[in-house]
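Quick notes on the structure that follows.
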Amino acid sequence: MLNNEPTPQSSMTTVPLLTAADVQDNLMVANNDLERLAGLLTDATETLMGHFYGASAQMNHLLQLAQAHPELDTQPVQQAMQHMGGAVTALQFQDMSTQLIAHLQRRLRNCADRLARDVMGDDDEEGVAVVEDAPLRPNPVTQDEMDAGSIELF
């Protein structure tokens, strides 16, 4: 785990200033890429949810029509509703991904800020560089697969 305490210069291997600046820039670029990825996931999920709910409304309408006509078989529509439920459950991936991206962003920002403070020195007017604490847990998302549960999705 990364230590958040500043390391005394005498015991630290000296990193050339340009190398440190390059690493810090790359950390911030990675952080920005993760932010864009989170936005793409959110947009895609919102679009998918809109389509799923629209399809669900249409299937509910078909079920109501079938109830008015008992001679019609409702099993295909009911099976389609179950598939839709499974698809919506899989969209929990977006929530887990967003949590993981936010965690990685905090960790990358902490690394970039510590690098700036430790290698480039305190250039803040008050003399102390602010470094946000790194997340305490190594991973906020422990689940690695999606299973449909008994939740009501529609």
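The values are calculated or read from the model by the stated rules, or taken from the named source; none is laboratory data. What you see is a predicted model; the values in this text were computed from it and never measured. Backbone-built Cβ (ideal geometry, glycine too); neighbour counts: all protein chains shown.
General observations
- Contact map, the range 61-73: residues that are loosely packed, with under 10 Cβ neighbours inside 10 Å paired with residues that are at pLDDT below 85, Cβ distance under 9 Å, separation 6+ or inter-chain. Pairs shown: Asp73/Ala66.
- Cβ separations smaller than 6 Å between residues 6+ apart or across chains give the following pairs from the range 37-49 residues that are within 15 Å of Leu100 (Cβ to Cβ) to residues that are of a type outside the set (A, V, I, L, M, F, W, C) and part of a helix (DSSP H, G or I): Ala38/Thr98; Leu41/Gln94; Leu41/Ser97; Thr45/Gln94.
Let's see how each residue does on (1) farther than 22 Å from Asp43 by Cα; (2) at pLDDT 85 or above; (3) out of contact with any Pro (no Cβ under 7 Å at 6 or more places or on another chain):
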site	(1), (2), (3)
Ala57	no, yes, yes
Asn60	yes, yes, yes
Ala68	yes, yes, yes
Val88	no, no, yes
Asp118	yes, no, no
Asp122	yes, no, yes
Val130	yes, no, yes
Gln143	yes, no, yes
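- Criterion (closer than 30 Å to Arg106 by Cβ and surrounded by 11 or more Cβ atoms within 10 Å (Cβ to Cβ)) met by exactly one of Gln24, Gln78: Gln24
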